1. Quick check on my link table: of A:31/A:328; B:182/B:213; A:299/A:328; A:144/A:213; A:182/A:299; B:144/B:288, which ones sit more than 19 Å apart, alpha carbon to alpha carbon?
2. Which three semi-axes in whole Å describe the equivalent ellipsoid of the range B:83-155, each the square root of 5 times a Cα gyration tensor eigenvalue, listed largest first?
3. Just to check, using Stokes-Einstein with a Kirkwood Rh over alpha carbon pairs, what's the diffusion coefficient of the protein assembly as shown at 20 °C and 1.002 mPa s in µm²/s?
4. Pairs of Cα atoms under 8 Å, at least six residues apart: use those to get the relative contact order of chain A, whole percent.
5. Thinking of the range A:37-88 as a set of Cα atoms, what percent of all their pairs are more than 13 Å apart?
6. For q values of 0.13, 0.18, 0.20, 0.23 Å⁻¹, compute log₁₀ I(q)/I(0) with the Debye formula on a Cα-only model of the range B:239-308, without solvent.
7. With point charges of +1 on the Cβ of Lys and Arg and -1 on the Cβ of Asp and Glu, referenced to the Cα centre of the range A:231-338, which listed residue (A:279, A:294, A:260) lies farthest in the positive direction of the dipole?
8. Can you tell me the Rg and the Dmax, both Å, for the Cα atoms in chain B?
Protein chains: 2
Amino acid sequence: MTANRAWIFEHPPVRDDFDSALKFHDWPVPKAADGQVLVRNLYLSLDPANRRWMAGPTYMPQIPTGAPMWGFVVGEIIESKAAGFAPGEIVGGVGTWSDYSAVSTQGLDKIPDMGGLPLHTAMGLFRGPGGTAYVGVVDIGQLKAGQTFVVSGAAGSVGSLAGQIAKILGATVVGIAGSAEKCAWLTGELGFDHAIDYQREDVEARLRELCPKGVDVYFENVGGAVGNAVAANMAKFGRVAVCGLTAQYNDERAPIGLDLMPLLLNGCSMQCFILYDYLDRLPEATAKLAEWYAEGRIKYHADIVEGLESALEAFKQLFRPGASHRGKLMVRVDPAAN
Amino acid sequence: MTANRAWIFEHPPVRDDFDSALKFHDWPVPKAADGQVLVRNLYLSLDPANRRWMAGPTYMPQIPTGAPMWGFVVGEIIESKAAGFAPGEIVGGVGTWSDYSAVSTQGLDKIPDMGGLPLHTAMGLFRGPGGTAYVGVVDIGQLKAGQTFVVSGAAGSVGSLAGQIAKILGATVVGIAGSAEKCAWLTGELGFDHAIDYQREDVEARLRELCPKGVDVYFENVGGAVGNAVAANMAKFGRVAVCGLTAQYNDERAPIGLDLMPLLLNGCSMQCFILYDYLDRLPEATAKLAEWYAEGRIKYHADIVEGLESALEAFKQLFRPGASHRGKLMVRVDPAAN
């Protein structure tokens, strides 16, 4: 067994000071305890949610300090001490920012043969991002053909898929993103009807122009001022699907909350959701996404950073307005991973 | 026909400066236009929502300045220019703060014989407050027996009924109100399990003690800091029924919005609602409330102020923390009204 390297979680970051919170070290190869498997990581996912895991308990305990940082990984089982899992199998679950992860089998899934698709689609198109986008649009947003759909964080992994799914379902789709390049990508390659650059445009005023009858479904990924600008433009009985609040994740001060007044006047509803609570919907989501992707109706962009040592700089992009990444951000841990 | 007096809406108030916004004058008796009825007001309802009507369009246009202030009234038809309405009938709808109101028949309802109950129950127990409380608890909150229910503005007309309905449905009920006297009324006469005085207690900490498993349904009447304190204590998949945001109605500054982070972590949902959108539920609500009231399971308190000239001072109580009013605040316009 070869050497292991890991990003160690030193302490919860203050605001966006990730440089002191995460340190890259040589680190012993972890041992799989009973009920665990040892995984050689092929891909490491970088997600805004990781920031929340640092700050306190979520749907998982807070990440312990002095040990490798947690993240979603796809990798190969090297050693198994868990029934039903065997060396050589490819799995996905919550591992660590390292070459090797010891992973408990709770939430660990075997990755099926991808039928010619690159392995990273299991991380960036299906499962997490695709499942979240699908559930958010279909189950939470309950989007119907002819409605107006707005998504923030639209150039991100979830947002870019959510907007395309909404388009397939027959909605008029507006994406909100942080640069002209991202906006051009949304309306160009991805086929969004409109895009708003929140760094340069007045989101509230632009939405009033673009959605004169109001927004029927808002897929909320960011919160903060952008969230309030959309809330001010909701249609009667509009629905807000709250998936993330990235604008607040680095803010230790009192957060900018959502002003409920415009929602109250319009009888709107809001539903916060986490994919973990809707795992029974993953098979349908995966089947639909695979079908749409094969038909060319869903475009998927993997923003792949090479090498574990690059993880921290890439992660910081998630919280930098106007950063250049788009689509699913991930690290290729094994240079040979396809 | 006798003289008429009216509170004239001079201009939208700045914050809580109602003294300059509303002036009491002799005023011509209004004329019923075609499709309208002239009503002699018996009772005038004072509601936090009236404040919103002053500030801008809501589910109604903004109240015009230089004319009588709008409010819910119960009164007797003196003259009818509307088909289906006849002089002598008792009706309820949106009238004006005056002795006489010219009222269009949109939203105007005939008040049935109250079967021995005082007429003001048509304003304070059934229709608006009771309907709102019932729909909020049953339809929006979807409260189930054994759940934990929290209501803010608990000593108000809607809150006091909502808590009692929740209790009848088998919930553990916590009310949040603005004085020790109100809290004693909630846990004493009204049978709430617990009450929190938000003026003197730490609402978030008290809820943590009183609801260790979290709040399943929150009936939101106030917003602001109290709303956030409850949001921080929601249970997994908890539901928030947003009925009002009185803490924000006088605030011209950026309002304190609701922090969605704790709701996101718990997969909570929120539904804003206005009774106008659920009028088809009023018959069931009225029947249930009448049954429960007759059985002594619902206590109803009418806080009746005598005389139209007292309307302004009474209205100001709605926004004064620790004010002494409890239950349904209204003005007896006709001294002979029962």
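Nothing in this text is a laboratory measurement; each read-out follows from the coordinates by a stated rule. Fair warning: this is a prediction, and the values are worked out from it, not measured in the lab. Positions of Cβ are backbone-derived with ideal geometry, glycine not excepted, and every protein chain shown enters the neighbour counts.
1. Values: A:31/A:328 30 Å; B:182/B:213 26 Å; A:299/A:328 12 Å; A:144/A:213 15 Å; A:182/A:299 14 Å; B:144/B:288 17 Å.
The answer is A:31/A:328; B:182/B:213.
2. On the way: eigenvalues 193, 37, 32 Å².
Semi-axes (√(5λ), whole Å): 31, 14, 13.
3. Values: Rh = 27.4 Å.
Estimated diffusion coefficient is 78 µm²/s.
4. Values: 759 pairs, mean separation 60.4, N = 338.
After rounding, I find 18 percent.
5. Values: 860 of 1326 pairs.
Summing the P(r) tail past 13 Å for the range A:37-88 gives 65 percent.
6. For the range B:239-308 at q = 0.13, 0.18, 0.20, 0.23 Å⁻¹, log10 I(q)/I(0) is -0.73, -1.04, -1.06, -1.08.
7. The residue sitting most towards the positive pole is A:260.
8. Gyration radius and largest Cα-Cα distance of chain B: 19.8, 63 Å.
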